[in-house]
Each structure stands twice: as structure tokens, then as C-alpha cells.
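Please see the structure below; I have some questions.
The values are calculated or read from the model by the stated rules, or taken from the named source; none is laboratory data. It should be emphasised that the depicted structure is a prediction, and the values quoted were computed from it without experimental measurement. Here the Cβ is made from the backbone with ideal geometry for all residues, glycine too, and neighbour counts use every protein chain on show. All accessible areas refer to the heavy atoms of the entire protein, side chains included, with ligands and DNA or RNA removed. Shrake-Rupley method; radii C 1.70, N 1.55, O 1.52, S 1.80 Å.
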Amino acid sequence: SRGPILRVAISAAQNWIASSTGLQLNLHRLDSGNRFRSLNLQSSRALGAAPDGSWLAFTTNSTHLIRYRPATDSFDAPAVETGTLSDLVVSADGRRLVALPLSGEAWTVDVATWRVAARPKGLAPSLAAWARDASRLTLGFGGVARTYDLDASEPRFTRDWGTDLI
């Protein structure tokens, strides 16, 4: 790659690895190391992959979240306007992802519809973790963690989990 690698996503099941330099995304075959796709990203730092390797999500032009299917070499979902992201975190079941912006509020994307599903309240989260069944999301905000219930149409802060200092 040209430049330092900022993010990596891998799929052993689909036989590929993706690496992002922030300006370029390269996909290589795991078995041979051969590059099979290279995309210009124009300053993207966000990269996330489905657990089964069926899709790869990333931002282009720093502001649009798109989904790419390596097996068919196709883009199959409309772009979602995101602004500049610091990271994407995919749930273990691959049904949802959360976009972490450099500033502003996070939001979750329903992978089936590729639309914003919820907007957990709180400015500029720096980390995220999904519950195994993707029903809850924990976000870290400057040393404070909050857990949200995502079964409702809007996320609800769950008091039973409380707010913990990290």
C-alpha cells in the first residue's frame, strides 16, 4: 500500500482482507496475496465488515457510507450521508452497525435496509460495543460509558446498566 495502514478488515470465510490507508482501500486474496480491487476513498478512516464477509462498509469522499460486496465486486446499497467518521462498529450478527462521527451524535444503520435506524444521544462517542444479540449498544463518551436499548424505535438510555466511569 501507499502510506501507513489505518484500518484492516478480514474475512477468512470469503478469502479476502481489506486495508485502508485513509486515501485508498485495497482488497487482497488471503490465499495468494493478490490484490483484486483498489478504491480511492478520499480521506476515509472508517471501515467495517460483516462477520461472514458478505459485505464491507466504508466512507467515500469522507462523508458517504457505502456497502461493497467483494464476492460480486458490486456496490449494492445507496450511500448514507454521514459526515466525517472516526470508526464503524458492526454487531456480531451483522444486522446493525454504528457510525462514530468525529463530532456530533452517533447513529445506527440497519444493514437489511441500509437506513439510519436509531440515534443514541450523546456527543462525539469515542468507542462502541454491541451486545451479542444487537439489542443493546454501549457507547463511550470521554471516559463515561452509557448503554442503550435499541429495541424501541428510538434508543433509550438504560438506567439499570447505569453510567460507569472508564
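Any chance segment 150-159 includes a residue that's modelled with pLDDT of 75 or more, over 24 Å from I66 (Cα atoms) and touching a strand residue (DSSP E or B) at 6+ places or on another chain (Cβ under 8 Å)?
No; the residues of segment 150-159 include none that is modelled with pLDDT of 75 or more, over 24 Å from I66 (Cα atoms) and touching a strand residue (DSSP E or B) at 6+ places or on another chain (Cβ under 8 Å).
Which of the residues belonging to segment 65-80 are in contact with a strand residue (DSSP E or B) (Cβ under 6 Å, 6 or more places away or on another chain) and open to solvent by 50 Å² or more (accessible area, probe 1.4 Å)?
Correct list: F75, D76, A79.
Anything in segment 6-21 that is out of contact with any strand residue (DSSP E or B) (no Cβ under 7 Å at 6 or more places or on another chain) and either within 21 Å of L85 (Cα to Cα) or assigned to a strand (DSSP E or B) (or both)? List them, or say none.
The answer is T21, and nothing else.
May I pose another question? Have a look at S54, S44, S62 and point out the one that is modelled with pLDDT of 90 or more, in a loop (DSSP other than H, G, I, E, B) and of a type outside the set (A, V, I, L, M).
That would be S54, the only listed residue that is modelled with pLDDT of 90 or more, in a loop (DSSP other than H, G, I, E, B) and of a type outside the set (A, V, I, L, M).
Ok, one more. Residues that are over 13 Å from the mean Cα position of the chain (by Cα), closer than 22 Å to A112 by Cβ and either surrounded by 21 or more Cβ atoms within 10 Å (Cβ to Cβ) or among the acidic types (D, E) (or both): does segment 23-38 have at least one?
no
Identify, please: which residue in segment 122-143 is at pLDDT 80 or above and in a loop (DSSP other than H, G, I, E, B) and is, among those, surrounded by the most Cβ atoms within 10 Å (Cβ to Cβ)?
By that ranking, first place goes to P125.
Any idea which of R119, R146 is within 19 Å of S86 (Cα to Cα), open to solvent by 20 Å² or more (accessible area, probe 1.4 Å), at pLDDT 75 or above and under 15 Å from the mean Cα position of the chain (by Cα)?
From the options R119, R146, the qualifying one is R119.
Which is over 16 Å from A145 (Cβ atoms) and open to solvent by less than 10 Å² (accessible area, probe 1.4 Å), of L100, L85?
Answer to the check: L85.
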